[in-house]
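Reviewing the structure listed below.
The values are calculated or read from the model by the stated rules, or taken from the named source; none is laboratory data. Being a predicted model, the structure only gives us computed values, none of them experimental. Glycine gets a Cβ as well: all are built from the backbone with ideal geometry, and neighbour counts include every protein chain shown.
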Amino acid sequence: MTPATAAALHPAQRRILAVLVAAQILSGAGLAAGITVGALLAEDMLDTTGLSGLPIALFTAGSALAAALIGRTSQRRGRRTGLAAGYVVGALGAVGVVVAATVDSVALLFVALLLYGSGTAANLQARYSGADLATPAHRARALSTVLVATTLGAVVGPNLVTPLGTLAQTWNIPPLAGPFLLAAIAYGAAGAVLWSLLRPDPLLTARALADSVPDGLPGPDVAATDHRGDRRRVLLGAAVMVLAQLVMVAIMTMTPIHMQHHGHSVGAAGVVIAVHVAAMYLPSPLSGFLVDRYGRIPVAGASGLTLLAAGTLAAFAPPQSVALLAVALGLLGLGWSFGLVSGTAIIIDNTPPATRARTQGLVDVAIAVSGAGGGLASGMIVATGSYTLLSLAGGVLAVMLLPMIMLTSRVRSAPRAADPTTSAPPEH
């Protein structure tokens with residue numbers, strides 16, 4: 001970071017990023033632990049593979065509802081209130097999953113998974129908070145700092161599946177419900193950290209800075225954006241993230257089932273999912289650098305191509321090869337990272353602080369709905385077809401991004417150069 005860049009930072013930005021990083025480390029463990037065993041728990045309780053994608057569908061549907069509520073709450077009361085409330089509801093949902101598995105109640109499981117999705121929504125929306133006070137030319141790197149923090153907890157969570165299952169058994173809880181105990185603690189702790197430490201609120205501060213600048217006059221870099229917005233660019237950013245989420249969730253959901261059907265242990269599936277989740281978040285700084293350096297649109301295109309490679313490899317990798325499945329899931333996570341960071345940067349560039357959180361919440365609703373659809377459809381496709389068919393279909397779907405990106409390649413997704421308050425690099 002250059003001295004000029006450091007000087008342009010809002011004084012609270014470093015503290016805000018530190019608090020968000022701490023919360024993301026905690027919430028990452030809860031997010032990944034539930035993902036690892038959710039499909040396996042459903043298959044066990046419902047006694048069918050065809051509905052094993054239902055948990056992902058339910059808690060991503062819950063995430064969709066929570067995303068809208070978190071966005072609206074954040075718009076009115078700030079990020080601190082919206083995100084903390086989302087994590088608390090997610091923790092309650094995780095507790096509900098444990099109770100449902102213990103008493104073997106499918107109805108309670110469905111309700112609990114919907115609530116559990118709130119934690120997923122909060123974890124994802126936290127990335128916006130990191131960019132609220134960032135300079136336009138460094139927004140992608142700021143939000144990627146928040147995303148990468150999820151890695152530590154997300155990698156640790158799946159690898160605790162076996163010991164948590166053993167611990168759960170000692171308490172007469174089904175082993176597959178054990179990871180949700182971790183999720184409850186992790187989400188609750190993340191909410192407590194944000195509620196107590198996320199001060200000043202980044203969104204409310206950014207809004208105050210924007211309101212302090214008369215129309216047409218240059219203002220602080222942290223408040224700079226295209227205040228007119230651009231609906232086409234917002235739709236493009238949303239499309240990039242929606243397709244990346246749909247493909248990622250569909251293939252990821254069925255990989256543990258695919259592995260179990262070919263004789264692999266739950267622990268082996270946990271390792272593959274750990275690689276996948278690490279690839280989703282660990283390369284975030286690289287994604288952020290590429291987006292800020294080379295532009296939003298080129299990295300969005302790279303997302304589609306990487307997801308295609310992931311789907312193709314997953315489809316043709318020998319099911320006995322844990323290593324190749326891990327590589328495929330790693331590429332899947334990397335493609336998702338490219339799509340999420342580039343799409344998020346496009347959204348932030350084209351939403352003024354006065355309406356930013358509400359718009360972001362609605363975009364995340366679309367992302368969650370696509371994930372729910374991908375999770376639900378994945379089990380049906382595998383049950384009636386195969387994992388190979390699912391993976392190939394996901395790869396082909398991902399490259400649907402490219403025509404949309406080509407059509408908008410001449411439209412700059414970063415703030416307009418004519419705007420004296422912006423300093424973001426041009427799109428290529």
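Yes/no matrix, rows are residues, columns are (1) of a type in the set (A, V, I, L, M, F, W, C); (2) touching a Leu at 6+ places or on another chain (Cβ under 8 Å):
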{"site": "Gln260", "(1), (2)": "no, yes"}
{"site": "Val266", "(1), (2)": "yes, yes"}
{"site": "Val271", "(1), (2)": "yes, no"}
{"site": "Ala278", "(1), (2)": "yes, no"}
{"site": "Thr306", "(1), (2)": "no, yes"}
{"site": "Thr312", "(1), (2)": "no, yes"}
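To keep it simple, each residue is scored yes or no on (1) more than 18 Å from Val277 (Cα to Cα); (2) small (Gly, Ala, Ser).
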{"position": "Ala94", "(1), (2)": "yes, yes"}
{"position": "Val99", "(1), (2)": "yes, no"}
{"position": "Val111", "(1), (2)": "yes, no"}
{"position": "Gly117", "(1), (2)": "no, yes"}
{"position": "Gly130", "(1), (2)": "yes, yes"}
{"position": "Thr135", "(1), (2)": "yes, no"}
{"position": "Arg141", "(1), (2)": "yes, no"}
{"position": "Thr151", "(1), (2)": "no, no"}
{"position": "Thr166", "(1), (2)": "yes, no"}
Is there a residue being in a helix (DSSP H, G or I), in contact with a helix residue (DSSP H, G or I) (Cβ under 8 Å, 6 or more places away or on another chain), free of Cβ contacts under 8 Å to residues at least 60 places away in the same chain and crowded, with 19+ Cβ neighbours inside 10 Å anywhere in segment 331-344?
yes
Please give the number of the condition Thr120 fails out of (1) over 26 Å from Ser370 (Cβ atoms); (2) touching a Gly at 6+ places or on another chain (Cβ under 9 Å); (3) not hydrophobic (A, V, I, L, M, F, W, C).
(1)
Restricted to segment 256-284, and to residues that are among the hydroxyl-bearing types (Ser, Thr, Tyr) and within 25 Å of Ala67 (Cβ to Cβ), which residue is surrounded by the most Cβ atoms within 10 Å (Cβ to Cβ)?
Tyr281
Taking Ile381 as the residue in question, decide whether it is surrounded by 24 or more Cβ atoms within 10 Å (Cβ to Cβ) and not hydroxyl-bearing (Ser, Thr, Tyr).
no
Quick one: how many residues across segment 291-329 are in a helix (DSSP H, G or I) and either free of Cβ contacts under 8 Å to residues at least 12 places away in the same chain or within 15 Å of the chain's Cα centre (by Cα) (or both)?
3
Scanning segment 9-48 residue by residue, those surrounded by fewer than 19 Cβ atoms within 10 Å (Cβ to Cβ) and either modelled with pLDDT under 65 or not in a helix (DSSP H, G or I) (or both) turn out to be Leu9, Pro11, Ala12, Asp47, Thr48
Determine, yes or no, whether Arg199 is modelled with pLDDT of 85 or more, assigned to a loop (DSSP other than H, G, I, E, B) and not acidic (Asp, Glu).
yes
Within segment 385-411, restricting attention to residues that are in a helix (DSSP H, G or I) and modelled with pLDDT under 90, which residue is nearest to the chain's Cα centre (by Cα)?
Leu401
Between residues in segment 368-390 that are farther than 30 Å from Gly71 by Cβ and residues that are modelled with pLDDT under 85 and among the polar types (S, T, N, Q), which pairs lie under 7 Å by C-beta distance while being six or more apart or on different chains?
Val382/Thr49; Ala383/Thr49
Check segment 170-184 and report whether any residue there is modelled with pLDDT of 90 or more, within 28 Å of Ala84 (Cβ to Cβ) and either of a type outside the set (Ser, Thr, Tyr) or surrounded by 24 or more Cβ atoms within 10 Å (Cβ to Cβ) (or both).
yes
Test: Thr351 is in a helix (DSSP H, G or I) and of a type outside the set (Lys, Arg)
no
Restricting the search to segment 64-109, which residues are among the charged types (D, E, K, R) and buried (at least 21 other Cβ atoms within 10 Å of the Cβ)?
Arg79, Arg80
When the residues of segment 204-240 are narrowed to those that are at pLDDT 80 or above and of a type outside the set (A, V, I, L, M, F, W, C), which ends up nearest to Ser337 (Cα to Cα)?
Gly237
Given the structure, is Thr253 outside any helix (DSSP H, G or I) and surrounded by 24 or more Cβ atoms within 10 Å (Cβ to Cβ)?
no
If you scan segment 179-214, which residues turn out to be without any contact (Cβ under 8 Å) to a residue 12 or more places away in the chain and closer than 21 Å to Val146 by Cα?
Ser196
Given (1) at pLDDT 85 or above; (2) among the hydrophobic types (A, V, I, L, M, F, W, C); (3) assigned to a helix (DSSP H, G or I), index of the condition Ala134 fails:
(3)
Looking only at segment 49-63, how many residues end up being modelled with pLDDT under 80, of a type in the set (Ser, Thr, Tyr) and either surrounded by fewer than 24 Cβ atoms within 10 Å (Cβ to Cβ) or part of a helix (DSSP H, G or I) (or both)?
2
Go through segment 82-107 residue by residue and tally those that are without any contact (Cβ under 8 Å) to a residue 12 or more places away in the chain and closer than 17 Å to Leu204 by Cα.
0
